[in-house]
Each structure stands twice: as structure tokens, then as C-alpha cells.
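A.B. asks: Quick one: the structure is below, and I'll ask about it shortly.
The values are calculated or read from the model by the stated rules, or taken from the named source; none is laboratory data. What you are looking at is a predicted structure, and each value in this text was computed from that prediction instead of being measured. With ideal geometry, Cβ positions are generated from the backbone for all residues, glycine too; neighbour counts draw on all protein chains shown. Surface accessibility is based on the protein's heavy atoms, side chains included, excluding ligands, DNA and RNA. Shrake-Rupley method; radii C 1.70, N 1.55, O 1.52, S 1.80 Å.
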Amino acid sequence: MDKSKRPFLKSKRSFLKSKRSFRRRLPPIQSGDRIDYRNMSLISRFISEQGKILSRRVNRLTLKQQRLITIAIKQARILSLLPFLNNEKQFERTESTVRTTGLRTRNK
């Protein structure tokens, strides 16, 4: 049968995944690293700029590693090694709004 007579049949290879080469990413935690609340250089990698704990998908950690990181971050926060929130810009914004609202007087 000629190819022109079967327009709806495509080649068999179209549904197969293409073999793309990719660079394997290094794991964020090496086997020698201790997940501990005192290891601030390690813990700070898994916190966003706002001070939130990043998700496991973003961190590329195993479930066990993510649990240990979360516990370590919470312990560091309780011992005030880490801030609960990191919103320095918000404080500047609230101070300026307080000043402007303090000037308003109410007429009766």
C-alpha cells in the first residue's frame, strides 16, 4: 500500500519518547552532611527569602530528608537562631502607613 493512500496512519515511532540527554543534578544533601538545627549553612538553603520552608519538590529531597530539615528549621526558630518571618520590607511599609493615618483627624 502506498503512503499517500493511508494519510491517517503515522509512523510507529511518533509515540515513543525521544531520547534526550540530560545532566543529572547533584543531590542537595550529601551523605556526610548532618541535618541539625545548628548547621545553619545547610538549613538556610531550604528557606525562601520570606522565611518559609520550601517544598520537597523544590528542594529535591527525599521524604525522610525533608522531615528532618523541617524539624531542624523549627528547632532553630524556637531557639531564635532563625527568624519565624523575614519581612524587613513589610516593617518599613507599615511604619509609613501608621504615620499617614496618625495625622488624620476626625471631624464631628
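A.B. asks: In this structure, is residue 79 over 17 Å from residue 28 (Cβ atoms), of a type outside the set (Val, Ile, Thr), open to solvent by less than 100 Å² (accessible area, probe 1.4 Å) and modelled with pLDDT of 85 or more?
C.D. replies: Spelling it out, residue 79 is indeed over 17 Å from residue 28 (Cβ atoms), of a type outside the set (Val, Ile, Thr), open to solvent by less than 100 Å² (accessible area, probe 1.4 Å) and modelled with pLDDT of 85 or more.
A.B. asks: What pairs come up if the first residue lies in the stretch 12-26 and is outside any helix (DSSP H, G or I), the second is modelled with pLDDT of 75 or more and not acidic (Asp, Glu), and their beta carbons are under 7 Å apart, counting only those six or more places apart or on different chains?
C.D. replies: Listed by first residue and then by second, the contacts come to 25/60.
A.B. asks: Additional query: Check off (1) open to solvent by 90 Å² or more (accessible area, probe 1.4 Å); (2) at pLDDT 85 or above for residue 51 and give me the number that stays unchecked.
C.D. replies: (1)
Residues are listed down the side, and each one gets a yes or a no for (1) among the aromatic types (Phe, Trp, Tyr); (2) at pLDDT 75 or above; (3) open to solvent by 70 Å² or more (accessible area, probe 1.4 Å):
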site	(1), (2), (3)
2	no, no, yes
14	no, no, yes
24	no, yes, yes
47	no, yes, no
58	no, yes, yes
64	no, yes, yes
70	no, yes, no
74	no, yes, yes
102	no, no, no
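A.B. asks: Being within 9 Å of the chain's Cα centre (by Cα) and aromatic (Phe, Trp, Tyr) is the filter here; which residues of the stretch 45-85 pass it?
C.D. replies: Matches in the stretch 45-85: 46 only.
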